[in-house]
Amino acid sequence: LAGLSVGCAEMISFLVSGMGVQAVQSIPIIIGGSVLFGTLLGLVLLKETLTTRGWMGIMLLVGGVALVATDPGAAADAAV
């Protein structure tokens, strides 16, 4: 099941990259999103718990994905 999920995330990353989104932005967002989605599934469906360290990791993941998602990329570099 985990292999299927990772395979789907990789296929989605190829699709998104083919639409013109830079791989440096699309792949971290998709992979980070799949980790976040898996965590939510574990919490809700499997009634798993996270330690404080686990929650801190999730917060770092969300912050990192937000930074990557809002990076203007090459368009901002070209304007400078």
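Bear in mind these aren't lab numbers, they're just calculated from the coordinates by the rules spelled out. None of these values were measured; they are calculated from a predicted model. Here the Cβ is made from the backbone with ideal geometry for all residues, glycine too, and neighbour counts use every protein chain on show.
L45 versus V62, label points 7 Å from Cα toward the beta carbon: distance in nm?
My value for the distance between the label points is 2.1 nm.
On a 0 to 90° scale, report how tilted helix 23-44 is relative to the longest principal axis of the chain, with both axes built from alpha carbons and the result rounded to the nearest 10.
Roughly 20 degrees, rounded to the nearest 10.
Kindly write out, for segment 6-18 in residue order, the coupling ³J(HN,Hα) from the Karplus curve 6.51 cos²θ - 1.76 cosθ + 1.60 (θ = phi - 60°), rounded to whole Hz, with x marking Gly and Pro.
Rounded to whole hertz, the list is 5, x, 5, 4, 5, 5, 5, 5, 5, 4, 5, 5, x.
Per residue of segment 59-69, in order, report the coupling 6.51 cos²θ - 1.76 cosθ + 1.60 (Karplus, θ = phi - 60°) as ³J(HN,Hα) in whole Hz, putting x for Gly and Pro.
5, 5, 4, 5, x, x, 5, 5, 5, 5, 5
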